[in-house]
1. What are the radius of gyration and Dmax of the range 1-51, computed over its Cα atoms and given in Å?
2. Please list the non-local residues whose amide H lies under 5 Å from the amide H of R33, H modeled 1.01 Å from N, same-chain partners needing a gap of 5 or more.
Amino acid sequence: MALTTYEIRIVGQVPAGLLAQLGDVTVAELELRTVLTGRFTDQAALHGFLQRLRALGLDLVEVRSVASPEDEEPQGEESP
């Protein structure tokens, strides 16, 4: 199953207690933002994660897919 890596940017710093509830994501704190990087199996998994962030009261700024060497290539396609 192919996974896609996403960066999710949030306003401010996310408290450590909340980060523990977010599961398997990498956290980077930048000046006035927190960047969460996670791998999701499909759009439904990503949207479920975004709903969890909203339920925790976190202010989402940006979501974007990013290239990662860990992302799997779809079967039948080759890299140039």
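1. Here Rg and the maximum Cα pair distance are 11.2, 35 Å.
2. G12
Bear in mind that the values in this text are calculations on the coordinates, not laboratory data. Quantities reported herein were computed from a predicted structural model and do not represent experimental measurements.
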